[in-house]
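Participant: Can you read through this structure? Questions will come right after.
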Amino acid sequence: MSALPQAVAAGRYRQELQAGRRELFDAFHAGGSARRLLAAHCRLVDRVLASLWVDAGIGERAALVAVGGYGRGELYPASDVDVLLLLPEDAGDETRHALEALIGLFWDIGIEVGHSVRTVPECFAAAAADITVQTTLIEARPLAGSRALFAALETGTRARLNARDFYTAKRLELEQRHTKYQDTPYSLEPNCKESPGGLRDLQVILWIARAAGLGTSWSELAARGVITRTEAAMLGKREALLQTIRARLHLIAGRREDRLLFDHQDRLAASFGYSATASRRASEQLMQRYYINCRWIIQLNTILLQNIANQLFPGAAFEAHPLNERFHVERDMLAASDPTVFETHPGALLECFHLLQQHAELKGMTAPTLRALWRARNRMDAAFRRDPGNRAMFMQILRSPRGLVHELRRMNQWGILGRYLPPFKRIIGQMQHDLFHVYTVDQHILTVVRNVRRFTMLEFAHEYPMCSRLIASFERHWLIYIAALFHDIAKGRGGDHSLLGRADARAFCRAHGIDREDTELVVFLVEHHLTMSSVAQKQDLSDPDVIGRFAAVVRDERRLIALYLLTVADIRGTSPKVWNAWKGKLLEDLFRATRRLLGSKARGGAFSFDTDLQEKQAEALRILSLYGFSPSAHEALWRQLDMAYFLRHDAKEIAWQTRALVARMDSPEPVVRARFSPIGEGLEVMVYVRDQPDLFARICGFFDRRNLTILDAKIHTTRNGYALDSFLVMDAGGEEAAPHGQPAEIERDLRQALALRAPLADPVTGRVSRQARHFAIEPAVNIRPDEKGQRYILSVTAGDRPGLLYRIALALSRHGVNLQTAKITTLGERAEDVFLIEGGDLGNPKSVLAIETDLVDTLRR
């Protein structure tokens, strides 16, 4: 084909393709089914490609073959068109050049092709080396060209296909893919194609079934007895929803996009007819439907894979080993001895999970048992939940020394946990748009139970050394499991979920015969599961009154230990990015200080913070002596420091700073020291310089320009007029500070910046995260006197962004307000910062209002 006719042909086919797609997409928007769209889109592209093949004059010299999803007859609006250009072994250069030109023409008319060019033997070699290639070949269908070449490919592929090996490879591939997505469909931005319970899970079943000769559709599998007709209809319905979601997602995004990103969830929900209610976003309603759909698919996949495996690997005759009159072991699986056992003995609905706990050698339940379990789940009604035997069995599951988390997750997967605990059913698949939880409420709860359980396991003792020591001597630690189950169970109801969950927890404990003292412990934990993290991260732990008030809330050491364990498990269960060593140290400091106070009271003595202070100073002096300092070397420096300094720093920090300053007390130049933090993350930075206006803002600006985030700041003014400030900083991405400056580099550059005293620079303007853009947090600012009315506490809540703290520091500087301490808490994309402030005109309500207004305006900008 000459250049001019080719250009004319390309224009004609481009118009045909565009007009055809526009008509198909309009029909889909008007309410057409996704399945019809995918098939019609395939036919449209088939027609265009076949015509181009004829126009190119290649004829029988090669074959054009559809593979992948396109070969399967499913072509999504923005998916690649996967084709195989099949060559004879003696193909000449002329044929190869013609094919190259044809591929270019495909792109010219708007078809994004994923192509490979191979001979038949090359296809077989590639398939033998790569299961993905083999998978594409079993779905191949001819489009144009040599039928003989395609027949050789089809016949050879079928002859070389070993169904057992194919099953094993695809099963392993599925497990690896699930692991990549954390084995859960419940992430807040799942991939509707690749995540567990997505389209790929359904495709794996049909690939294996095709390879095994069992069928190529759900109806064919039902006809072969692999699944029931009801299950086939259900699979078709679940598949149709995913197809619709993916097709609409492509059209909304205007590109191939399989992730249900926050950017698209609202428009996608609107396309399904969802609208926001007083308590739920439209996107939350759609996503809950999506999660439930995924759960069904995972359930049916479990049954299908077992049934296909039983046909592919029949094995020798086996002997059933009875466990009791209701269940036996069948090929390392738990099997019901009678398919009606769950109907005749409803208590078996819980018993089967307890048996899996007791028998670690069992790999799960047989497909017939799972089917029977699923059909009988509605037997778990109010009468079932009132039955003393069923209540006792559920408590045995919670108290079991092994298998708790696996079985709770299995119970949730099969709809049993929500049936037994109706409040839990309401939060299955419920999203949390707080920008730091990355899982749905039910998955977060089960992750917290898992974290508490790990505290009891020796193999995780290195990860949670203090928690492991505490729980080892904690009697009836399963009570913390119950608290974990109920701590967020009331989310989404409106009102305070801690108080609503407290009532649910109390009712559960009473119904299950838990004594009054243990019930009160569980209720306390649910009500106060946020208290310890709030005090640790937002209040001044060097203030004896703060420790005293917290001790009054927990009342005794047993409650304190349980609350500490639950708090650590809860924070670590929100997101891998939320927990860090600094949060761990704050919680541990609060725990230890409160434990000392409660222990002193329990012994009938009065706890003295003066004694605690003296012990800290003595330890600092002991450390100094190891470095060769004389017993009196510290005295001149320490006389310039007030009690607040010693309360806010631990002995190691005091010794480190004393070593740096003992010979430089009156230094005319800034003294800056930095070191890797002993807690294992970030850098500790100390600044000692003649006090000056805007010092805190200047230091914040320096860290801002270095892309370092301040986690903690302790601000002091010595009696001889110097600022002695301490900072804990980390890389803004959450890693150690080292990638953006070794300690010596930080020391040099910060010292120069402080000595220069240049005008304060504008804050760095950085990109706001995608999540923060879609779930904006309205800034909140509050200034109030502390409990004694001697100092003022500034609380700031806002969406986290680059330069946030520097902007706050500049605003405070404009009003002449000085900082004494800063506690910076970042929860995902949400910043909750607390500052102890002084100066300005904080005693004047009008001045306070002006500062608050200025800060809110600054944060909104």
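Participant: Of Lys652/Lys823; Lys577/Lys714; Lys180/Lys583; Lys583/Lys846; Lys491/Lys714, which pairs sit farther than 26 Å apart, going by alpha carbon to alpha carbon? Intermediate results must be reported in sequence, preceding the final value.
Facilitator: Numbers: Lys652/Lys823 20 Å; Lys577/Lys714 24 Å; Lys180/Lys583 28 Å; Lys583/Lys846 36 Å; Lys491/Lys714 36 Å.
Table pairs above 26 Å Cα-Cα are Lys180/Lys583; Lys583/Lys846; Lys491/Lys714.
Participant: For the pair Val764 and Gln692, what calculated FRET efficiency results from E = 1/(1 + (r/R0)^6), where r is the Cβ-Cβ distance and R0 = 25 Å, to the nearest 0.05? If you can, show how the numbers build up before the last one.
Facilitator: On the way: r = 22 Å, r/R0 = 0.90.
The value I calculate is 0.65.
Participant: If you wrap a convex hull around the Cα atoms of the stretch 502-660, how much volume per residue is inside, in Å³?
Facilitator: Taking only Cα atoms, the stretch 502-660 has a hull volume of 142 Å³ per residue.
Participant: Sticking with this one: Can you give me the accessible area per residue for the stretch 336-467, using a 1.4 Å probe, in Å²?
Facilitator: 39
Participant: As an exercise, take the mean of 1/r over every pair of distinct alpha carbons in the stretch 390-535, invert it, and state the Kirkwood radius in angstroms.
Facilitator: By the Kirkwood definition, the hydrodynamic radius is 15.8 Å.
Participant: When only Cα pairs under 8 Å and 6 or more residues apart are kept, what is the percent relative contact order across the stretch 313-413?
Facilitator: 26
Participant: Moving on. Largest first, please: the extent of the C-alpha atoms of the stretch 125-192 along each principal axis, to the nearest Å.
Facilitator: 49, 27, 16
Participant: Shifting gears a bit: Restricting to Cα pairs below 8 Å that are 6+ residues apart, what does the relative contact order work out to for the stretch 449-587? Please round to a whole percent.
Facilitator: The normalised contact order for the stretch 449-587 reaches 25 percent.
Participant: How much length is gained on full extension from Arg603 to Arg757, taking 0.36 nm per residue of separation minus their Cα-Cα distance?
Facilitator: 50.0 nm
Participant: Find the all-direction average of the projected area of the Cα convex hull for the stretch 421-473, expressing the result in square nanometres with one decimal place.
Facilitator: 5.0
Participant: Can I ask one more? Rounded to two decimals, what is the ratio between the C-alpha radius of gyration of the stretch 175-264 and 2.2 N^0.38 Å?
Facilitator: Its radius of gyration relative to the 2.2 N^0.38 Å reference: 1.20.
Participant: Consider all pairwise Cα distances in the chain and report the whole-number % of them above 40 Å.
Facilitator: Above the 40 Å cut-off, the chain has 52 percent of its Cα pairs.
Participant: Normalized C-alpha radius of gyration of the stretch 309-426, against 2.2 N^0.38 Å?
Facilitator: Here the answer is 1.06, to two decimals.
Participant: I've got another one for you. I need the per residue convex hull volume for the stretch 234-351, using only the alpha carbons, in cubic angstrom as a whole number. Spell out each step's value before the answer.
Facilitator: Working: hull volume 20.1 nm³, N = 118.
With only Cα atoms used, the stretch 234-351 gives 171 Å³ per residue.
Participant: Roughly speaking, to the nearest percent, how much of the chain's 1.4 Å accessible area is carbon and sulfur?
Facilitator: On the way: 18630 of 37160 Å².
Ligands and nucleic acids excluded, carbon and sulfur give 50 percent.
Participant: If you don't mind, there's one more thing I want to ask. Obtain the nm distance between the two label points defined at Ser116 and Arg639 by a simple spin-label model: each point lies 7 Å from its Cα along the Cα-to-C-beta direction.
Facilitator: Here the answer is 8.3 nm between the modelled labels.
Participant: Turning to a different aspect of this structure: For Arg476 and Ser219, what is the calculated FRET efficiency with R₀ set at 60 Å and r taken between the beta-carbons, to the nearest 0.05?
Facilitator: Working: r = 53 Å, r/R0 = 0.89.
Given R0 = 60 Å and the Cβ-Cβ separation, E is 0.65.
Participant: Stick to Cα atoms and the Kirkwood definition of Rh, then tell me Rg/Rh for the stretch 452-565.
Facilitator: A ratio of 0.98.
Participant: Taking 2.2 N^0.38 Å as the expected size of a compact globular protein, what ratio does the Cα radius of gyration of the stretch 809-861 give against it, to two decimals?
Facilitator: The value comes to 1.19.
Participant: Using a Förster radius of 60 Å, what is the FRET efficiency between Ala129 and Glu520 based on their Cβ-Cβ separation? Nearest 0.05, please.
Facilitator: In this case the efficiency is close to 0.40.
Participant: Considering amide H positions built from the backbone, and no H for Pro or chain starts, which residues 5 or more places from Gln820, or on another chain, come under 5 Å of its amide H?
Facilitator: Leu836, Ile837, Glu838
Participant: Report P(r) for the stretch 621-747: all Cα-Cα distances, bin width 10 Å, range 0 to the bin holding the largest distance, values in whole percent.
Facilitator: Pair shares across the bins are 12, 44, 34, 10, 0.
Participant: I'm checking a number: the convex hull volume of the Cα atoms of the stretch 515-580, normalised per residue, in Å³. What is it? Write down the numbers at each step before the final one.
Facilitator: Details: hull volume 5.8 nm³, N = 66.
It is 88 Å³ per residue.
Participant: Then there is this: 222 nm [θ] for the chain, helices only, -39500 (n - 2.57) per DSSP H run of 4+, per residue, to 500?
Facilitator: Calculated at 222 nm, the ellipticity per residue is -17500 deg cm²/dmol.
Participant: Show me 286-296, 659-669 ranked by packing, highest mean number of other Cβ atoms within 10 Å first.
Facilitator: For the peptides 286-296, 659-669, the packing ranking is 286-296, 659-669.
Participant: P(r) of the stretch 787-836 in 10 Å steps, Cα pairs, percent per bin?
Facilitator: For the stretch 787-836, the pair-distance distribution reads 23, 54, 21, 2.
Participant: Name all residues of the stretch 660-679 having a backbone nitrogen under 13 Å from the label point set 7 Å from the Cα of Phe629 along its Cα→Cβ direction, giving them as ranges.
Facilitator: So the set is 660-665.
Participant: Bin width 10 Å, alpha-carbon pairs only: give the P(r) of the stretch 24-169 as whole percents, running from 0 to the bin holding the largest distance.
Facilitator: Result returned by the calculation: 11, 40, 33, 14, 2, 0.
Participant: If you stretched the chain out fully between Leu647 and Phe313, how much longer would it get, using 0.36 nm times the residue separation minus the C-alpha to C-alpha distance?
Facilitator: 113.3 nm
Participant: Another one. What percent do you get for the relative contact order of the chain when only Cα pairs under 8 Å and 6+ apart count?
Facilitator: Values: 1238 pairs, mean separation 55.9, N = 861.
Relative contact order for the chain comes out at 6 percent.
Participant: For q values of 0.10, 0.11, 0.21 Å⁻¹, compute log₁₀ I(q)/I(0) with the Debye formula on a Cα-only model of the stretch 95-245, without solvent.
Facilitator: -0.48, -0.57, -1.33
Participant: If the viscosity is 1.306 mPa s and the temperature 10 °C, what Stokes-Einstein diffusion coefficient in µm²/s follows for the stretch 211-269 when Rh is the Kirkwood radius over Cα pairs?
Facilitator: 119
Participant: Taking the stretch 307-409, which GluC sites (Glu not before Pro) meet the DSSP loop condition and have no more than 11 other C-beta atoms within 10 Å?
Facilitator: Of the GluC sites (Glu not before Pro), the ones in loops of the stretch 307-409 whose Cβ has at most 11 other Cβ atoms within 10 Å are Glu319, Glu325, Glu361.
Participant: For the stretch 1-104, report the accessible area per residue in Å² (1.4 Å probe, heavy atoms, rounded to an integer).
Facilitator: For the stretch 1-104, the per-residue accessible area is 46 Å².
Participant: Kyte-Doolittle mean at least 0.5 and Cα extent at least 27 Å along the axis: which DSSP H helices of the chain qualify? Spell out each step's value before the answer.
Facilitator: Values: long enough: 3-29 (38 Å, -0.51); 34-56 (33 Å, 0.57); 229-253 (36 Å, 0.06); 282-312 (45 Å, 0.02); 581-602 (31 Å, -0.37).
TM-like helix candidates: 34-56.
Participant: Let me ask something else. For the stretch 102-138 and the stretch 190-233, what is the separation of their C-alpha centers, rounded to whole Å?
Facilitator: After rounding, the separation between the Cα centres reads 24 Å.
The values are calculated or read from the model by the stated rules, or taken from the named source; none is laboratory data. Quick caveat, the model's predicted, so the values are computed rather than measured. As a convention, Cβ positions derive from the backbone with ideal geometry for all residues, glycine included, and neighbour counts pool all protein chains shown. Side chains included, ligands, DNA and RNA excluded: accessible areas come from the protein's heavy atoms. Shrake-Rupley method; radii C 1.70, N 1.55, O 1.52, S 1.80 Å.
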